[in-house]
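Please treat every number below as a calculation from the coordinates, not as lab data. Since this is a predicted model, take the numbers as computed values, not measurements. Here Cβ is always computed from backbone atoms with ideal geometry, including for glycine, and neighbour counts include all displayed protein chains.
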Amino acid sequence: MKEINRSIGTLSLEQIVRFSGAVQDFNPIHYDEGFAKAAGLPGVIAQGPLTFLLALDALVAANGVDQLKSFAVRLKAPVQPRAELAVTCTADGKVVLKAGGAEALVGTATTGSSQ
């Protein structure tokens, strides 16, 4: 597994809303600030699958799609718009996605090679 320690940029509300449309997830917690806060959240949050895919994309970019064998994660915290995202992966496959400095996703990945 290739080591990764990179910023992947800021997640925008537009990205979250577009993902909602792509996957047909129209839960207002993903686009309506007032609704999300009334539901007990800190504000609008990204979908869990979007968070997963952002981390997976960084792994694929570093290792190649043909090399990635498995990716298993646990979501730890919601990801909000305007959060600066960063992904790290150690040589032994420990993956962390941080949103604004807080761990939002942790997991493991393996490759099909001995890298």
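Structure notes:
- Pair Arg82, Ala102: separation of 7 Å Cα→Cβ label points (nm): 1.5 nm
- The modelled label-to-label distance for the pair Asn5/Thr110, using points 7 Å beyond Cα in the direction of Cβ, is 2.6 nm.
- Using 0.36 nm per residue and subtracting the Cα-Cα separation, the extra length available between Thr90 and Glu33 on full extension is 17.0 nm.
- In degrees, nearest ten, helix 48-63 long axis to first principal axis of the chain (Cα): 30 degrees
- Nearest-20 debye value, region 3-115 charge dipole, Cβ charges on Lys, Arg, Asp, Glu: 180 debye
- Per-residue ellipticity at 222 nm, computed for the chain from helices alone with -39500 (n - 2.57) per DSSP H run of at least four residues, works out to -8500 deg cm²/dmol.
- Reachable lysines, given that their alpha-carbon falls under 30 Å from the alpha-carbon of Lys94 and they are not under 8 places away in the same chain: Lys2, Lys69, Lys76
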